[in-house]
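Please treat every number below as a calculation from the coordinates, not as lab data. None of these values were measured; they are calculated from a predicted model. All Cβ positions, glycine included, derive from the backbone under ideal geometry; neighbour counts span all protein chains shown.
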């Protein structure tokens, strides 16, 4: 049963990273960039199924973080010639964060996190029932 705790732990770590990326993206959604500077690009964590080694049960598949990529989507351009961040044509370059997609990512990550916690709770209940079944009355 200890393998399940390692597997779920890796999933919880992955969702924690994903939620941090969502928070960073939403916090930078309205940032503007001076002409010639690089705008904020949305962070996108990349995961893969990978072995999780557990001393008691060997290896099983869990979640591994490959890294955090930056979104390749084009930055948002807004026409605002009065802005100090406007270029010669009057456009302000902002981040490429898609708020709706980030909200979907947040809900999905939250649901995945909750499901992983439910698996941990069930595994703990099974452990407790096994221990109780071996106790002599």
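In segment 93-137, which residues have a backbone nitrogen under 16 Å from the label point lying 7 Å from residue 26's Cα in the Cα-to-Cβ direction?
97-114
Neighbour counts of other C-beta atoms within 10 Å: give me 79, 85 arranged from fewest to most.
Lowest count first: 79, 85.
From the gyration tensor of the Cα coordinates in the chain, what semi-axes in whole Å does the equivalent ellipsoid have, largest first, with each one equal to sqrt(5λ)?
Sorted largest first and rounded, they come to 47, 15, 8 Å.
Subtracting the Cα-Cα distance from 0.36 nm times the residue separation, let me have the gained length for residue 72 to residue 16 in nm, one decimal.
Net length gain for the segment: 17.9 nm.
Over the chain, with a Gaussian network built from C-alpha contacts below 10 Å, which listed residue (90, 36, 67) shows the highest mean-square fluctuation?
For the chain, modelled as a Gaussian network with Cα springs under 10 Å, the answer is 36.
Starting from the Cα of residue 65, step 7 Å along the direction of its Cβ; do the same at residue 46; then give the gap between the two resulting points in nm.
Spacing of the two 7 Å Cα→Cβ label points: 1.5 nm.
On a C-alpha basis, how far is the centre of segment 89-106 from the centre of segment 14-42 in Å? Whole number, if you could?
9 Å
Given an 8 Å cut-off on Cα distances and at least 6 residues of separation, report the relative contact order of segment 25-115 as a percent. Present the calculation step by step, with values, prior to reporting the outcome.
Details: 152 pairs, mean separation 30.5, N = 91.
Over segment 25-115, the number comes to 34 percent.
Per 0.36 nm of contour for each residue apart, how much would the distance between residue 132 and residue 88 grow if the chain were fully extended, relative to their Cα-Cα spacing?
Extra length available between residue 132 and residue 88 comes to 8.4 nm.
So if R0 is 41 Å, what FRET efficiency would residue 37 and residue 108 give, r being the distance between their Cβ atoms, rounded to the nearest 0.05?
Numbers: r = 32 Å, r/R0 = 0.78.
Efficiency, rounded to the nearest 0.05: 0.80.
Assuming 0.36 nm per residue, please report the length gained on full extension of the stretch residue 119 to residue 5 beyond their Cα-Cα distance.
Taking residue 119 through residue 5 to full extension adds about 40.1 nm, to one decimal.
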